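Here the structure comes first, spelled out in structure tokens, and everything after it is commentary.
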Amino acid sequence: MLAHQLFRYSTALVFTLSVVSLLPVRGLVNDLAGHFAAHYAIWGVLGTVVFSLKRSWFWAAVSVGVAIANVSVVGPYVFVPPISDAGFRRPTMLLANVFTSSNNFSAVVSLVEARNPTVVALLEVNQAWVEGLKPLVARYPFGISLPRPDNFGMMVLSSVPLRDSSVDPLRGGEPPVLRTKFSLKGQEVQLIE
């Protein structure tokens, strides 16, 4: 009986965290809660089975809701149809920390040219790095940058169009956040750097 009650309390907690993670308002709590959607989905499926066997229909329904809500979040990333287009190159992304104090621009340009990613995301970018990476602009005509003299500068270069790009400046000692979206093979991707 105690185990059944603990399972109900746990399911109520998972339900609450699922609702919080799906709220349209962004903040630390729902961002953190949203990191565990796959775990919530598994808990929802498990809860559905356990509560159905115990004939606890209210909690089985709550578990079904948890499972459906969270599978709808993680499903598009888990159940990806195979790419069958002949000659299609799988999209790739390169993430690099260039170190603000470094000036080895040619090494980064060479790396990007050798790897030929679809999207390049760079950290610790200052104005010198923006200037030093100009040779990449022809290959990556879409981009957004936030050069900074400290270690919080960022830059995104893309061979596909970017949209809804924004920069959230420093707030209360937190580093700035760069957000942008792009489409790859019909799938929308959101990059938060």
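The values are calculated or read from the model by the stated rules, or taken from the named source; none is laboratory data. A quick note: this is a predicted structure, and the numbers were derived from the prediction, not measured. When the accessible area is computed, the model is the full protein with side chains, heavy atoms only, and any ligands, DNA or RNA have been set aside. Shrake-Rupley method; radii C 1.70, N 1.55, O 1.52, S 1.80 Å.
Relative to the dominant Cα principal axis of the chain, helix 2-22 is inclined by about 40°. Here the Karplus relation 6.51 cos²θ - 1.76 cosθ + 1.60, evaluated at θ = phi - 60°, turns the backbone of region 120-134 into coupling constants of 10, 10, 10, 10, 6, 8, 10, 4, 4, 5, 4, 5, x, 9, 4 Hz, with x for every Gly and Pro.
When the square roots of the Cα gyration tensor eigenvalues are ordered a ≥ b ≥ c, the ratio a/c for region 126-193 is 1.5 or more and a/b does not exceed b/c, which makes its shape oblate.
For Phe36, the amide hydrogen comes within under 5 Å of no other amide hydrogen, counting only partners 5 or more places away or on other chains and with H modelled in the peptide plane.
Taking only protein heavy atoms and a 1.4 Å probe, the accessible area of the chain is 65% carbon and sulfur. Using the 1.4 Å probe convention, the accessible area of the chain works out to 62 Å² per residue with neighbouring protein chains retained. Under 5 Å from the amide H of Leu184 lie the amide H atoms of Val189, each residue being 5 or more positions distant or on a separate chain, with H modelled from the backbone and absent for Pro and chain starts.
Which shape class, rounded, prolate or oblate, goes with region 20-62 when its Cα gyration tensor gives a ≥ b ≥ c as root eigenvalues, a/c under 1.5 marks rounded, and past that a/b bigger than b/c marks prolate? Don't jump to the answer; show the numbers that get you there.
Values: a/c = 4.93, a/b = 2.55, b/c = 1.93.
Because a/c hits 1.5 or more and a/b exceeds b/c, region 20-62 counts as prolate.
Taking the longest Cα principal axis of the chain as reference, the axis of helix 105-115 is set at about 60 degrees.
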